[in-house]
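Asker: I'd like to ask some things about the structure below.
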Amino acid sequence: MFRLAAVQLAVSANKAQNLERAGALIHQAVKEGAKVIALPECFNSPYGTQYFAKYAEKIPGESTDFLSRIAKETKAYVIGGSIPEEEDGKYYNTATVFDPEGKMIAKHRKMHLFDIDIPGKIKFKESEVLHPGSKFTTFETPFCKVGIGICYDMRFAELAQIYKNLGCKLIVYPGAFNMTTGEAHWEAIQRGRAIDNQLYVATVSPARDVDATYIAWGHSTIVSPWGDVIAKADEKEQIVSAEINLGRVDEIRQQIPISVQNRKDLYEVKLKE
C-alpha cells in the first residue's frame, strides 16, 4: 500500500506564484504521508488556447526544473500535471514525472486534443494551437506501474485498456473538465475506467476560479478498482489523498477474471508497433 495525493491547485496568471504554491502543497502532502503526488493540468498557467504559446516552455525548463527540485527535496514521486511545452516551433500539453532523486522518468504529451462544440454551452478547440502526442506513457515505482493520460485522453477507453495490458494498476489523469462536461461526465468516466480495467484511477483538476476565461469543474477524485470513490475534493484548492491498496487490484481481478475471459478470437485492443 502507498498513499497517493492529488493537489487541486488554485492556478493564477502568475507562473512564479503557481510554482511556489504548488511546491508548498507538495511538501504538505508528503508530510501527510503521500509517496506519489500529482498536480493538475496546466498547473503553471491558466488554461486556454490564448495562453499556451505565452506560457510555453522547453523541457527541461523553469517548471520542470522546479518539479525536479521538489521531488528531490521531498523524496517523493511527483507527477507534474501538465504544462504548455514548446519544441521546434510546435506546442504540446505535456506531463512530466520525477522520481525521488529528481530525475525525469516519464514525459506524456496529451494524445487526444480537446476539440468540442456543445451549442449554447461551450466551444473549445485545442488543435488551434496544440499538436497531439503519439506515445503511451508509463513509469515504474516500487509500488506499481503507473499510466498517464491528460484530461480528454480519459474519454478514450482504449488508452486505459492498453495501460492495463501493459501492467498498470493505477492511471493518473491531470485534467480540467469544465462546468458543462464536469458535472455530467467527470466522475462517471473515472468510475468506468476503473471498473472496466480493475485498477485505481485518479484525476487532478485545478481549483475552480469563477473569474477565469475557462472555469474548471474541480472535484479531483480517486476511484478504487471496484468503482468506489475513495477520495474527492469539492471545487476549492485542497489536497485529497487515499491509500492505494494494490492487493485489492489483484483480489478483484481474481474474483472477476475478465482479462482471461475476453474473446480475443473475436476482438482485441492492442498497441500498434
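Asker: If you scan region 60-83, which residues turn out to be open to solvent by less than 10 Å² (accessible area, probe 1.4 Å) and out of contact with any Asp or Glu (no Cβ under 7 Å at 6 or more places or on another chain)?
Answerer: From region 60-83, those open to solvent by less than 10 Å² (accessible area, probe 1.4 Å) are 63-64, 67, 70-71, 76, 78-83; that's our starting set.
Within region 60-83, THR64, LEU67, ILE70, ALA76, VAL78, ILE79, GLY80 meet the criteria.
Asker: If VAL172 satisfies all but one of (1) open to solvent by less than 30 Å² (accessible area, probe 1.4 Å); (2) farther than 28 Å from ASP99 by Cα; (3) among the aliphatic types (A, V, I, L, M), what's the number of the condition it fails?
Answerer: Among (1) open to solvent by less than 30 Å² (accessible area, probe 1.4 Å); (2) farther than 28 Å from ASP99 by Cα; (3) among the aliphatic types (A, V, I, L, M), VAL172 violates only (2).
Okay, residues lined up against (1) touching a residue at least 60 places away in the same chain (Cβ under 8 Å); (2) in contact with a strand residue (DSSP E or B) (Cβ under 7 Å, 6 or more places away or on another chain); (3) on the phi < 0 side of the Ramachandran plot:
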{"position": "VAL7", "(1), (2), (3)": "yes, yes, yes"}
{"position": "LEU19", "(1), (2), (3)": "no, no, yes"}
{"position": "ALA29", "(1), (2), (3)": "yes, yes, yes"}
{"position": "ALA38", "(1), (2), (3)": "yes, yes, yes"}
{"position": "LYS58", "(1), (2), (3)": "no, yes, yes"}
{"position": "SER82", "(1), (2), (3)": "yes, yes, yes"}
{"position": "GLY89", "(1), (2), (3)": "no, no, no"}
{"position": "ASN93", "(1), (2), (3)": "no, yes, yes"}
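Asker: Scanning region 1-18 for residues that are in a helix (DSSP H, G or I) and crowded, with 18+ Cβ neighbours inside 10 Å, which turns out nearest to the chain's Cα centre (by Cα)?
Answerer: Looking at the filtered set, the residue picked out is ASN18.
Asker: A follow-up question, please. Going through region 218-241 one residue at a time, which ones are buried (at least 23 other Cβ atoms within 10 Å of the Cβ), under 15 Å from the mean Cα position of the chain (by Cα) and outside any strand (DSSP E or B)?
Answerer: Scanning region 218-241 gives GLY218, SER220.
Per-residue answers, yes or no, for (1) closer than 15 Å to LYS35 by Cα; (2) surrounded by 14 or more Cβ atoms within 10 Å (Cβ to Cβ):
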residue: ALA53; (1), (2): no, no
residue: LYS58; (1), (2): no, no
residue: PHE98; (1), (2): yes, yes
residue: ALA106; (1), (2): no, yes
residue: LYS110; (1), (2): no, yes
residue: ILE118; (1), (2): no, no
residue: LYS123; (1), (2): no, no
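Asker: Considering each residue of region 175-198, count those that are open to solvent by 10 Å² or more (accessible area, probe 1.4 Å), among the hydrophobic types (A, V, I, L, M, F, W, C) and over 19 Å from LEU113 (Cα atoms), and give that number.
Answerer: Matching residues across region 175-198 total 3.
The values are calculated or read from the model by the stated rules, or taken from the named source; none is laboratory data. Just so you know, these numbers come straight off a predicted model, no measurement behind them. Virtual Cβ from ideal backbone geometry, glycine too; neighbours counted across all protein chains shown. For the accessible areas, the whole protein counts, side chains as well, though only heavy atoms, and no ligand, DNA or RNA atoms are used. Shrake-Rupley method; radii C 1.70, N 1.55, O 1.52, S 1.80 Å.
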